[in-house]
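Single-structure report; data block below.
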Amino acid sequence: MNSEMSNLTGGLVLRGVVAILFGIAAVFWPGITIITILYLFSTFLLIGGVFELVYGISRLASEGISVLTRVLTPLLGLLQMGVGVYLLRHPHVTFTTFILLIGFTLIVRGVFEVVEGLFEEGPSLYRVVMVLVGLLAVVAGILVLVQPRAASVAFVWILGLYGLIVGPLLLAAAMETHRLSKTTMSLK
């Protein structure tokens, strides 16, 4: 259980820092080319996907976790990794394709995080943060999909604000899981 919490904490910190860095780049340099945003967001997806895959595989045999989460976590990781790799290997996809891939990935990720936050056991702050992060991902995904022909600066700002809001939330969830793992260790 403790190594699982440690893995979760490390993954949340990594995802949070990458989200913040992506958000800063997107919000403060909105004029950067769409290719640069594609590379930055693809890297964000790839890192998140690797974390989800590794974390999901490590939890396959865990008790107290629903079968749904045991199966969906690695699948979500594979989906994110697939989209990230695809975009990195095909940087010249059309802007519409890029928007569709990002929008649907954010929505799928968001729905999964809301379900995880509502139905899985774990620290209450972590669960609340996962619901918030999930809702933000769904909203960002919908905003991206609703405005497929939006100006690239508006698109970049939506993604950047998502990163700047979600990054600190993920860091807060990491601090909570770290605190809980330390409490658990001191009780033993």
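The values are calculated or read from the model by the stated rules, or taken from the named source; none is laboratory data. Note that the structure is a prediction, hence the values are computed from the model and not measured. For neighbour counting, all protein chains shown are included, and Cβ atoms are generated from backbone atoms with ideal geometry for every residue, glycine included.
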Taking first residues from region 54-80 that are under 17 Å from F119 (Cβ atoms) and second residues anywhere that are at pLDDT 75 or above and of a type in the set (S, T, N, Q), the pairs with Cβ under 6 Å that are 6 or more apart or on different chains are G56/T73
Given (1) within 20 Å of L161 (Cα to Cα); (2) at pLDDT 80 or above, V50 misses just (1)
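This table checks each residue for (1) farther than 16 Å from G16 by Cα; (2) in a helix (DSSP H, G or I).
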| site | (1), (2) |
| --- | --- |
| V93 | yes, no |
| R109 | no, yes |
| V115 | yes, yes |
| L125 | no, yes |
| V131 | no, yes |
| V138 | yes, yes |
| G141 | yes, yes |
Only one of T177, T183 is among the polar types (S, T, N, Q) and at pLDDT 80 or above, namely T177
Restricting region 67-91 to residues that are modelled with pLDDT under 80 and part of a helix (DSSP H, G or I), the one farthest from the chain's Cα centre (by Cα) turns out to be V67
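For (1) crowded, with 21+ Cβ neighbours inside 10 Å; (2) farther than 18 Å from L169 by Cβ; (3) among the acidic types (D, E), each residue gets a yes or a no:
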| residue | (1), (2), (3) |
| --- | --- |
| T97 | no, yes, no |
| L101 | yes, yes, no |
| L106 | yes, no, no |
| G122 | no, no, no |
| L132 | no, no, no |
| L135 | no, no, no |
| G141 | yes, no, no |
| V146 | no, yes, no |
G31 passes all but one of the listed conditions (1) under 10 Å from the mean Cα position of the chain (by Cα); (2) at pLDDT below 85; the exception is number (1)
Taking first residues from region 154-165 that are in contact (Cβ under 8 Å) with a residue 60 or more places away in the chain and second residues anywhere that are not in a helix (DSSP H, G or I), the pairs with Cβ under 7 Å that are 6 or more apart or on different chains are V156/P30; W157/P30
Residues of region 81-108 being among the aromatic types (F, W, Y) and touching a residue at least 60 places away in the same chain (Cβ under 8 Å), in sequence order, are F95, F98
